[in-house]
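Peer 1: Could you have a look at this structure, given as C-alpha cells, before my questions?
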Amino acid sequence: MKRTSQKTCLLLTLIVSLVLSGCDDLQLNNPYSDSEAGQTVLYSSFTERPKHLDPAISYSANEYALIGQIYEPPFQYHYLKRPYTLEPLTAEKMPDISYFDAEGKQLSDKVDAENIAFTEYLITLQQGIKFQPHPAFAKDKQGNFLFHQLSQQQLDSINSLVDFKVADSREVTAEDYIYQIKRLAHPKIHSPVAELMKQHIVGLTEFSKQIAKKKLVNIASIPISGVEFVNQYQYRIRIKGKYPQFIYWLAMPFFSPMAWEADVFYSQQGLIDKNITLDWYPVGTGPYMLVENNPNRRMVLEKNPEFHPAYYPSEGEEGDRERGLLEDAGEKLPFIDKVVYILEKETIPYWNKFLQGYYDASGIASDSFDQAVQFTGQGGEELTPLMKGKGIQLQTAVATSTFYMGFNMLNPEVGGDSERARKLRRAIAIAMDYEEHIAIFMNGRGVSAQGVLPPGIYGYQTGQAGINPYVYDWGNGQAQRKSIEVAKQLMIEAGYAEGIDNKTGEALILYFDTAASGPDDRARLNWYRKQFEKLGIQLVIRATDYNRFQQKMRSGNAQIFIWGWNADYPDPENFFFLLYGGHGKVKYGGENAANYQNAEFDRLFEQMRNMENGSERLKIIRKMEAIVRYDAPWLFGLHPKNFSLYHSWYQNLKPNLMANNTMKYKRIDALKRVELRKKWNRPVFWPLIVLVIMFGAILIPAINAYRRRAKETMQ
Amino acid sequence: MIQYIIRRFLYAIPLLFGVNVLTFVLFFIVNSPDDMARMQLGQKHVTEQAVENWKQQRGYHLPLLWNDQQQGIKKVKETIFYQKSVNLFLFQFGISDSGRNIGADIKQRMWPSLAVALPTLLVGLLVNITVALMMVLFRGSYLEFSSIVLCVILMSISSLFYIIGGQFVIGKLLKLVPISGYDGGLDAIKFLVLPVIISVIAGIGSGARWYRTLFLEEVNKDYVRTARAKGLTETQTLFRHVLQNALIPILTGVVVVLPLLFMGSLILESFFSIPGLGSYTIDAINRQDFAIVRSMVFLGSVLYIFGLLLTDISYTIVDPRVRLS
C-alpha cells in the first residue's frame, strides 16, 4: 500500500515537473494556429459584420477598412503628405481636365465657373494592371467561361469561393471603370451615391431610366452619353458645370473597376442561395484579396499575386524621416502577407487579447482608458507605465468630423433671423461648456470646435484668428470660453432674463430631441439639462428611437438636436454644404438638418464650391465661417480625437483619415511578436494544483463521514 | 400515438400563424418600411427616390396586411405580410434585407451554438446530478448545509460576472485558454473549454438545488425504505433506485430544451465571439432586418413546439403508465 502511494506521488511529481518545465514554450491561450506564428499576419477585428462589400454600395468606415485594400479607384491620397494630397493609383497620371461652354466650345482653365457648362475628366490608366485571380475569369481551352453556367452537380460541391479549384485573371481596361459607373446607376444596386452622381455626370439619369428594367448583366453594352470609352487605357467622364470636388469621388471605391464577368458569375441563383455574391466576395485589383469571408466569424485578406508593382513613398511631410516613416522608401508593397479580421463584439475580451499580444492594434474603450493613458501636467497625453513596459505606441489624431448641437431654424422659439433668437442661441453656445463635456464624457478625447471646419480640412484656422469670437476670448495663448455672465447678459438682451420670457412672464422651456435613450446616455442628458439651467432655461429631453428622431428631423418638428458629419473628402465644401439653404432637410430632404438659410452664405457657398484652393477661396471661406458664427444655427460642439494603441512590432504608422487603402504600407515584425507573445503568455498552473488539493481536503473528511455513517447504518 | 402527434402538428399551424401575425404587428409598430430602407441605405445622401427604389425592390412598397387596391384574394396576397410570411411555413426563409440568404446563415451559425450548448447541457447535467446526489447523501450534515449556501451564492451571481470573471482569471491571469474566439473542427475545443466551464458553474446553483428537491422527494418514499431494509447501502439506494425514479422530471426538463439548443446564448456567444445563432436575432433587430427577425421568431416557435411534443413522447418512454391519446 505504502509502495503504491509512493509510486503515485513520484508519478504526480514527474507530471507536474514535466508540465512546468514545458511552460517556457507553451502558449495555451493562443487563439491562432501555430503555423501562423512566424508569418507576417496582421490580426484585427470587427464588431459588426459589414453590410456590403460591393464598391457601388459600401459607404461606411468598417466596410472601407476591407474593400479599401481590395478595390482600387484611379486615384488615392498620398500616405504621408499633409495636407491631404491626391496622387494616381491605377491611373498613369492625374486626369486631364477640360472645360466647355454650352455650345461645346473648349474654354480656358481660368474662365469663371458660371461660364462652364461641362467639365471633362480624361483618365489615363496604367497598363498591365490585372484583376485578382478569380473563378469568374477561368476559361476552358476553347475560351468558354468555366463557371458562368454552373450545373446543380457543380453547385453541390461548392460552399464558398475556395471550393473553385480553377481561377484566372485578366487585364483591367477602361471598360471596367465605365461598367462600374453604369452599375452605380442601376436601381437594383441601391448605390448611396447614385442620386448625387446623377446630378453631376451627364446622361446618368437618362441611363438609369433606360436600364431600370434590364438585368445588371445586360447593361455593359448600353452607352452613357457622359462617359466615353476612348481606348483600352483611357476613358472620359463629362460632368455638368464645374465641380472640382469630383476628383475626390474618383479616389473612392465607388469608381473602382468592376469586371462584367464578376456580375455574370455572381448572378447565378445557386451561388446566391449560398451567400456567394459580389456583395460578399469582392473581385478587385488591390494589394489584397478576400480569401475567406465568414462575416459571422472572421474575414481573411491575403496578398493578391496579380498585384501591380507599387512602392512605399519616398517623400512625406516634415519630421516623417525622423520618425522613421521613410525607412521603407522605394520598397515594394505590400509588406504584410495576410490580414485576419476576427469578430470580437465585446471590448473587454478584445482589450485583454490586445494586452496578450494577440491583436496588433487597439482603440481605447472608456473603461480601459485609465489603464492605458494618463495626462501630463501640461494637458498632453502619454501612456501609463504598464503600456510603456510593453513597448506599446500611442497615436492620436483629431478626426475630420464635427459634432454639433443644431437649432432648427424653422422653429419660432430658437430659429429664425431675429436678433432675439440669435442672442438666445449665442447665450446657449456660451453656456454649453464643451470643454467640460470632453473631459467628463470622452476622457479628454476631443477638441472643442470653433467653427464648421475640423482640423485637417482646407480653411481650418488655428490660433487667435481661428476662434469663435461670440463664444471664446483669447487669453494665455489659448481660447477661453466666455464667462456665464456674458451669456446671461445675452439672455437679458434677448428678453429672457433669468430664463423668464419677459413677454409672457413664464419660464423658457426648450426641447432637446435625441435618439439617445439608453441608461448610458442618462448622465449625458442630465449634463445638457444642467448647462441650460445655468441660464434658467428648462430643457425638456424628448428621447425617442432613431426612426422617430429622423422622422422629426425630416418634418421639422425637432427644436434642438445633436448631429455630426464625417468628411467624405478634405474639402470645405463637404462641410459648408451642411448649412447651404438648397440642402434644407425639411424643404429639400437634404443634409442641412438645421434648415439654415442665409442668402449671403448661400451665394458665397455657390462661389466657393467651384473654386480651386487659393487665397481667393480662403477669403470666402473665412467670410462663410464668420456668417455662421454670427448667426449661430449650430452650437459648434467638438471634433473627436482618435486614440489608437499599437504594439512595438507594428511599424510605418501614420494616421491618415482620408485614405482607406493604408494596409499596404504597414509592416509587422513577426519574429519580435513571437518572442513577446511567448514572454507574456506563459501559463500559470499552480492555482490549479492548489485547487485540486483544496478539493481533496474537503472531500476526504466527507468520505470519512460517509463511511462512518454507513457503518452505523449497517450496525 | 401517431394520431396524437398528427393532432399536435395541426394545432401548431394556427399557433405559428398567430406568432407570425404578432411578430409582424410588433415589428411594424416600431419600424416602418421607410425606416428599414433608410437603415439599409445608410445615413449619407439618402434621397426619397432611393428609399422608394429600395422598398419597390424588396416588396415593402405594398400595404402591410390588407390591400384595398386589389380585387378578391389579391387583397390578402398583395401585402407585405402574405409575401413575407407564407414561405416560412415551407421553411423557406428567403433573403435578408441586407441581401444574405437566411437559411444558409442559420445552417452555418447553428453548429457553433450547438457546440457550446450540447457539452454545457451534458456536463452540466452530470455535475448537477452528482452535486445534488452528494447533498442528499450527506443530508443533515455540515456538508449539505454548506452546499446549499454555496448554491444560493452561485444562483445570486449574475451570469455576466461569471463570464467576465472566468475570462479574467482563467484566460488572462492563468493564461490556460484563449480569452475568446472560435475555430472549426477539433480546433474549436480550446475555445469551448472556458465557455462550457463557465456555463456549467453558473448553472450549478439552480440545477443542483432543483435536482436535490427531486431526490429528497424520492428518498422518503416507501420503496427507498424497502431498499434500505433489504440491506442496500445508501449509495446503492441512491444510484440504483432514487436516481432511476427521479429521472422522469429530469428527462422531461432536458428534452424540452433540446431543440432550443440550436438557438444559442446571446451574452455567452457575444463575449466569447462564438459565431452562433444567439446574437443573430438581436443583431437583426438592431439593423431593423425584418426578414431575419420573422424567420428567427418562427424558427424559435417551431422548435419550442417540437420540444414540447418531444417531452410528451418522452413521458411515455420513461413511464409506461402514461399513454398519449
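The values are calculated or read from the model by the stated rules, or taken from the named source; none is laboratory data. Worth saying up front: this structure is predicted, and the values here are computed from it rather than measured. In this analysis, Cβ positions are derived from the backbone assuming ideal geometry, glycine residues included, and neighbour counts consider all displayed protein chains. Please note that ligands, DNA and RNA were not included when accessible areas were found on the heavy atoms of the full protein model with its side chains. Shrake-Rupley method; radii C 1.70, N 1.55, O 1.52, S 1.80 Å.
Peer 1: Using label points projected 7 Å from each Cα along Cα→Cβ, tell me how many nm separate residue A:151 and residue B:157, to one decimal.
Peer 2: 6.0 nm
Peer 1: Additional query: So what is the calculated 222 nm ellipticity per residue for chain A, using -39500 (n - 2.57) for each DSSP H run with n of 4 or more, over all residues, to the nearest 500 deg cm²/dmol?
Peer 2: Mean residue ellipticity, 222 nm, calculated: -9000 deg cm²/dmol.
Peer 1: Let me ask something else. Would you mind checking which residues have amide H under 5 Å from residue B:265's amide H? H placed 1.01 Å from N; only 5 or more apart, or other chain.
Peer 2: B:278
Peer 1: Right, next: When the chain is fully extended, how far beyond the present Cα-Cα distance does residue A:690 get from residue A:440, taking 0.36 nm per residue of separation?
Peer 2: In short, 85.6 nm is gained.
Peer 1: OK, next. Return the sequence-ordered ³J(HN,Hα) values of the range A:601-608 in whole Hz as given by the Karplus equation 6.51 cos²θ - 1.76 cosθ + 1.60 applied to θ = phi - 60°, using x for Gly and Pro.
Peer 2: 4, 5, 5, 5, 4, 4, 6, 5
Peer 1: By how many nm would the segment from residue B:247 to residue B:65 grow when fully extended, if each residue of separation counts as 0.36 nm and the alpha-carbon distance is taken off?
Peer 2: Here the answer is 60.8 nm.
Peer 1: Return the distance in nm (one decimal) between the two label points of a simple spin-label model at residue A:522 and residue B:73, each offset 7 Å from Cα along Cα→Cβ.
Peer 2: 5.4 nm
Peer 1: Give the interface area between chains A and B as buried accessible surface, both sides summed, probe 1.4 Å, in Å² to the nearest 100.
Peer 2: Summing both chains' loss of accessible area gives about 5500 Å².
Peer 1: Counting Lys and Arg as +1 and Asp and Glu as -1, what is the net charge of the other residues whose Cβ lies under 12 Å from the Cβ of residue A:190?
Peer 2: Overall, the nearby charge balance is +1.
Peer 1: Right, something else. Using a 10 angstrom cutoff on alpha carbons, build the Gaussian network for chain B and name the most mobile of B:264, B:300, B:276.
Peer 2: Evaluated over chain B, the most mobile residue of the options is B:300.
Peer 1: Given labels modelled 7 Å from the Cα in the Cβ direction, how far is it in nm from residue A:81 to residue A:478?
Peer 2: Reported label-point gap for residue A:81 and residue A:478 is 3.4 nm.
Peer 1: Let me ask something else. In debye to the nearest 20, how big a dipole does chain B give about its Cα centre with +1 on each Lys and Arg Cβ and -1 on each Asp and Glu Cβ?
Peer 2: With Lys and Arg at +1 and Asp and Glu at -1, about 580 debye.
Peer 1: Same structure, new question: Helix-only estimate, please: 222 nm mean residue ellipticity of chain B, summing -39500 (n - 2.57) across DSSP H runs of length 4 or more and dividing by its residues, to the nearest 500.
Peer 2: When only DSSP H runs of four or more count, the value is -21500 deg cm²/dmol.
Peer 1: Mind running the shape call on the range A:401-642? Use the C-alpha gyration tensor, a ≥ b ≥ c as the square roots of the eigenvalues: rounded below 1.5 for a/c, prolate if a/b tops b/c, oblate otherwise.
Peer 2: rounded
Peer 1: Here's another thing I want to ask about it. Set the Förster radius R0 to 22 Å, insert the Cβ-Cβ distance between residue A:554 and residue B:29 as r into 1/(1 + (r/R0)^6), and round the FRET efficiency to 0.05.
Peer 2: For R0 = 22 Å, the calculated efficiency reads 0.65.
Peer 1: Let me ask something else about it. Mind checking the mean number of beta-carbon atoms from other chains within 10 Å of the Cβ atoms in B:104-110?
Peer 2: Numbers: counts 6, 3, 0, 2, 7, 3, 0.
For peptide B:104-110, the averaged partner shielding equals 3.
Peer 1: Quick check on chain A: take the gyration tensor over C-alpha atoms, sort the square-rooted eigenvalues as a ≥ b ≥ c, and tell me if it's rounded (a/c under 1.5), prolate or oblate.
Peer 2: Working: a/c = 1.97, a/b = 1.20, b/c = 1.64.
Oblate.
Peer 1: Which entries in the list A:198/A:654; A:353/A:654; A:585/A:654; A:641/A:679; A:198/B:84 go over 30 Å, if you measure between the two C-alpha atoms of each?
Peer 2: A:198/A:654; A:585/A:654; A:641/A:679; A:198/B:84
Peer 1: Which of the listed residues, A:174, A:131, A:107, is farthest toward the dipole's positive end in the range A:95-182, when Lys, Arg count +1 and Asp, Glu count -1 at the beta-carbon?
Peer 2: Of A:174, A:131, A:107, it is A:131.
Peer 1: Moving on. What's the angle, to the nearest 10 degrees (0 to 90), between helix B:188-219's Cα axis and the longest principal axis of chain B?
Peer 2: 60 degrees
Peer 1: Mind giving me the FRET efficiency for residue B:126 and residue B:11? R0 is 35 Å, r the Cβ-Cβ distance, nearest 0.05 is fine.
Peer 2: 0.50
Peer 1: Order these peptides, A:27-34, A:682-689, by their mean beta-carbon neighbour count within 10 angstrom, highest first.
Peer 2: Going from most to least packed, we get A:27-34, A:682-689.
Peer 1: Test of understanding: in a Gaussian network model of chain B with alpha carbons linked when under 10 Å, which of B:315, B:223, B:211 would top the mean-square fluctuation ranking?
Peer 2: Evaluated over chain B, the most mobile residue of the options is B:223.
Peer 1: Follow-up. Express as a percent, rounded to the nearest 5, the fraction of DSSP beta bridges in chain A (both residues included) that run antiparallel. Walk me through the numbers before you get to the answer.
Peer 2: On the way: 72 of 87 bridges.
Here the antiparallel bridges make up roughly 85 percent for chain A.
Peer 1: With unit charges on the beta carbon (Lys/Arg positive, Asp/Glu negative), name the residue among A:700, A:403, A:586 whose Cα is farthest towards the positive pole of the charge dipole of chain A.
Peer 2: Toward the positive end, the furthest listed residue is A:700.
Peer 1: Across chain B, where is the longest run that never hits trypsin sites (Lys or Arg not before Pro) in a DSSP loop with at most 10 other C-beta atoms within 10 Å?
Peer 2: B:1-229
Peer 1: If the label point is 7 Å along Cα→Cβ of residue B:235, which residues in the range B:111-137 have backbone nitrogen under 16 Å from it?
Peer 2: B:130-137
Peer 1: How many Cβ atoms of partner chains, on average, are near each residue of A:353-359 if near means within 10 Å of its Cβ?
Peer 2: Average neighbour count from other chains, rounded to a whole number: 3.
Peer 1: In debye, nearest 20, what is the charge dipole magnitude of the range A:53-279 about its Cα centre with +1 on Lys and Arg Cβ and -1 on Asp and Glu Cβ, if you could check?
Peer 2: Here the size comes out at about 180 debye.
Peer 1: Using r as the Cβ-Cβ distance of residue A:160 and residue B:228, and R0 as 60 Å, what FRET efficiency do you calculate, to the nearest 0.05? Write out the running numbers ahead of the final one.
Peer 2: Values: r = 62 Å, r/R0 = 1.03.
It comes to 0.45.
Peer 1: Can you compute 3J(HN,Hα) from phi for each residue in the range A:215-221, using the Karplus curve 6.51 cos²θ - 1.76 cosθ + 1.60 with θ = phi - 60°, rounded to whole Hz and x for Gly and Pro?
Peer 2: Once rounded to whole Hz, the list reads 6, 4, 5, 9, 8, 4, 8.
Peer 1: Just counting partner chain Cβ atoms within 10 Å, what average do the residues of peptide A:700-710 show around their Cβ?
Peer 2: Numbers: counts 0, 2, 6, 0, 0, 5, 8, 0, 0, 5, 3.
The mean count of partner-chain Cβ atoms within 10 Å per residue comes to 3.
Peer 1: Tell me, in nm to one decimal, what length is gained between residue A:218 and residue A:375 on full extension, where the rule is 0.36 nm per residue of separation less the Cα-Cα distance?
Peer 2: 50.5 nm
Peer 1: Could you work out which residue, out of B:21, B:136, B:46, moves most in a Gaussian network model of chain B, that is, has the largest mean-square fluctuation with Cα springs under 10 Å?
Peer 2: Comparing B:21, B:136, B:46 in the GNM, the peak value goes to B:46.
Peer 1: Which is farthest toward the positive dipole end of the range A:53-279 among A:67, A:230, A:197, measuring Cα position about the Cα centre, with Cβ charges +1 (Lys, Arg) and -1 (Asp, Glu)?
Peer 2: Of the candidates, A:197 comes out farthest on the positive side.
Peer 1: Oh, and also: Which entries of A:51/A:388; A:215/B:107; A:182/B:44 show an alpha-carbon separation above 28 angstrom in the structure shown? Working shown, then result.
Peer 2: Working: A:51/A:388 37 Å; A:215/B:107 30 Å; A:182/B:44 21 Å.
Beyond 28 Å: A:51/A:388; A:215/B:107.
Peer 1: Count charges around residue A:470 for me, please; just the other residues with Cβ under 9 Å from its Cβ, Lys/Arg as +1, Asp/Glu as -1. Please report the intermediate quantities before stating the final value.
Peer 2: Working: positive: A:426, A:482, A:629; negative: none.
Value of the local net charge: +3.
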